[in-house]
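To start, the structure itself, in structure tokens.
The values are calculated or read from the model by the stated rules, or taken from the named source; none is laboratory data. Please read these numbers as outputs of a predicted model, since none were measured by experiment. Cβ placement follows ideal geometry from the backbone for every residue including glycine, while neighbour counts extend to all protein chains displayed.
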Amino acid sequence: MIRVKNIGLQYADGPEILSNISFTLAAGSFHFLTGRCGAGKSSLLRMLYLGHRPSRGLMEMFGKDISQLDASELPEIRRRVGVVFQDFRLVSHLTVFENVALPLAIEGRMEQEYKRDVVELLNWVGLGDKLDHYPALLSGGEQQQVAIARAVVASPQLLLADEPTGSVDAEIGERLLGLLIELNRQGATLVIATHDTGLLERHRYHAGELHLEDGGRLRQLPPVRAKAI
Amino acid sequence: MLIPHSKILPRAMLGSRLLPLVIAVNVYLASLAILGGLALIGATGQWARELDQLVTVQVPAESGVSSEAVIKSVLGVLRDHPAVAQARAIEEPEMEALLAPWLGKSAAIRELPLPQLVDVELRPGGDLDSLRKRLEAEFPGAELDDHRQWRDQMHAIARSARWISLSLVFMISLAAVAVIIFATQASLESQNELVALMHLIGAHNSFVASEFQKYFLGIGVMGVLIGIVPVAITIAAIVHLTSNDPAPWTGRITLETMDYILAALPPVAAVLITMFTARVTVLRTLSVMD
């Protein structure tokens, strides 16, 4: 589904942040994106959600070569990618319902078409009683739940999460992670950027690893095989 | 709801808060320019039409000849001619009144060798050349003034009024477009994070532009609603003046139904200009950023 070969990324005339990155993400797979702070995890995620195109190399998403696409063709690819941003990026003047429904409104769907689905999704993440609340009135964990709901509402094929448990306590973090893993089980490819080694340890039997090393290079590791007893 | 709005953009954005007032002023000025132009065109047109039907015959005073007898003969010739609807000699007191602004009310005026004047109202399509020839043949020295100079001036004033009015509307529209472009760019800048998020979620530039278009449509409608209040008051004042005031100037200002329809164009145009200027500005700005 995602094939990346020898890509590099640099901003303007600056140094190359990512160099000769190659990996493949199969449909429905689950990966952690790891590396030291500043190793380029967020930059790699940004490339995957097409916030920035690679400076060089091949990046194929859903069968299309990203470097060959016109700017007007990118939105169609972006709609197949759900993103949970590290800073949530909720829209402060929109309610919880409106924030979550934003991708559907952007697709041009009418509210009466999606209202029931959005309410159901918010019930599922545990925010069914806060549809009309504004983000400022929510706790950090609740805001993260809204961000996750927004990322998955349009049933994306690729789900990217940047430090989804970074700003919440351990209990809520596990609950949020559980939501993401459940979505992965339903078929979405999942990539979670994290520097939480504990998290990685707990899920290493069913999640692969994309490890960014110093110098902007990447090593792809498969899920750890469970030892036979 | 009367005022449309975007469901994604905030209710008020930086750079556009005072825009309704600017649009209101522009709507008022444009409506005023159109109404003023139309009133002037109407008044001059009416004058020109009146002058088309009126001519004046001047009969020079001759010593030793009774002016009354001459005028009687002139009136006889005029009334017999098929081009003439009616003819009327201007009496001495009326003549004195006409000259009073220049010569005062002196009794000496009567001693001056002033020509005798006859006001003639022509039948529609009456043959003026034939009348002129007949008068010249019967009364050598008599002149027929068809007020061509005045009439040409009236037409020139009407033409100028039309161009001045159109130029004013054009300049006002241009100023409005410039202000809307500035406000749109400022609003877009103030929402750059939201716009970036919309793009990352999969919005096309046209979707973003549509949201800004809806927002500025609301601004335009609000501006027009404010602006039509003084326009309505001004129209009411004009209607009042033209129906009650017998003064020669205001009495000639008449506005037809079509004129009021034309005066309603600026509010409609303001909404459309606001909406499309915002859309084009957003699309152009985003295409540069792509």
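Things to note:
- Within the set A:Leu131, A:Leu127, A:Leu121, A:Leu104, the sole residue that is within 14 Å of another protein chain (Cβ to nearest Cβ) and either within 21 Å of A:Ala188 (Cα to Cα) or touching a residue at least 12 places away in the same chain (Cβ under 8 Å) (or both) turns out to be A:Leu104.
- Every condition in (1) surrounded by fewer than 18 Cβ atoms within 10 Å (Cβ to Cβ); (2) at pLDDT below 85; (3) in a helix (DSSP H, G or I) holds for B:Ser73 except the one numbered (2).
- Taking segment A:83-99 as the range and being more than 10 Å from chain B (Cβ to nearest Cβ) and among the hydroxyl-bearing types (Ser, Thr, Tyr) as the test, only A:Thr95 passes.
- Options B:Ala89, B:Ala39, B:Ala83: the member that is surrounded by 15 or more Cβ atoms within 10 Å (Cβ to Cβ) and not assigned by TED's automatic domain parsing to the domain that holds B:Ser130: B:Ala39
- Residue in segment B:49-69 that is aliphatic (A, V, I, L, M), in contact (Cβ under 8 Å) with a residue 40 or more places away in the chain, part of a helix (DSSP H, G or I) and in contact with a Pro (Cβ under 8 Å, 6 or more places away or on another chain) present: no
- Number of residues in segment A:25-42 that are at pLDDT 90 or above and within 17 Å of A:His195 (Cβ to Cβ): the value is 4.
- Members of segment A:123-134 found to be surrounded by 17 or more Cβ atoms within 10 Å (Cβ to Cβ) and within 20 Å of the chain's Cα centre (by Cα), listed by number: A:Val125
- Here B:Phe216 does not qualify as within 14 Å of another protein chain (Cβ to nearest Cβ) and part of a helix (DSSP H, G or I).
- Top-ranked residue in segment B:230-261 [being crowded, with 16+ Cβ neighbours inside 10 Å and modelled with pLDDT of 85 or more; ranked as farthest from the chain's Cα centre (by Cα)]: B:Pro230
Residues checked against (1) at pLDDT 90 or above; (2) within 31 Å of the chain's Cα centre (by Cα); (3) under 22 Å from B:Lys72 (Cα atoms); (4) not in a loop (DSSP other than H, G, I, E, B):
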residue	(1), (2), (3), (4)
B:Leu114	no, no, yes, no
B:Arg134	no, no, yes, yes
B:Gly141	no, no, yes, no
B:Gln149	no, yes, no, yes
B:Gln153	no, yes, no, yes
B:Arg162	no, yes, no, yes
B:Ile172	yes, yes, no, yes
B:Ala175	yes, yes, no, yes
B:Leu197	yes, no, no, yes
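- Residue within segment B:169-184 that is closer than 30 Å to B:Arg49 by Cα and not assigned by TED's automatic domain parsing to the domain that holds B:Lys72 present: yes
- Odd one out for B:Thr234, checked against (1) within 14 Å of chain A (Cβ to nearest Cβ); (2) farther than 30 Å from A:Tyr49 by Cα; (3) of a type outside the set (A, V, I, L, M): (1)
- Residue ID - farthest from the chain's Cα centre (by Cα), chosen from residues in segment B:1-47 that are more than 14 Å from chain A (Cβ to nearest Cβ) and of a type in the set (Val, Ile, Thr): B:Ile3
- Filtering segment B:185-195 to residues that are within 22 Å of A:Val84 (Cα to Cα), more than 8 Å from chain A (Cβ to nearest Cβ) and in a helix (DSSP H, G or I) leaves B:Asn192, B:Val195.
- Count of segment A:27-56 residues which are small (Gly, Ala, Ser), within 14 Å of chain B (Cβ to nearest Cβ) and in contact (Cβ under 8 Å) with a residue 12 or more places away in the chain: 1
- Only residues that are at the interface with another protein chain (Cβ under 7 Å from one of its Cβ atoms) and either surrounded by 18 or more Cβ atoms within 10 Å (Cβ to Cβ) or assigned to a loop (DSSP other than H, G, I, E, B) (or both) were counted in segment A:62-82, giving 3.
- Check on B:Val22, in contact with a helix residue (DSSP H, G or I) (Cβ under 8 Å, 6 or more places away or on another chain), modelled with pLDDT of 85 or more and part of a helix (DSSP H, G or I): yes
- Here B:Thr281 qualifies as part of a helix (DSSP H, G or I), at pLDDT 95 or above and over 15 Å from B:Leu9 (Cα atoms).
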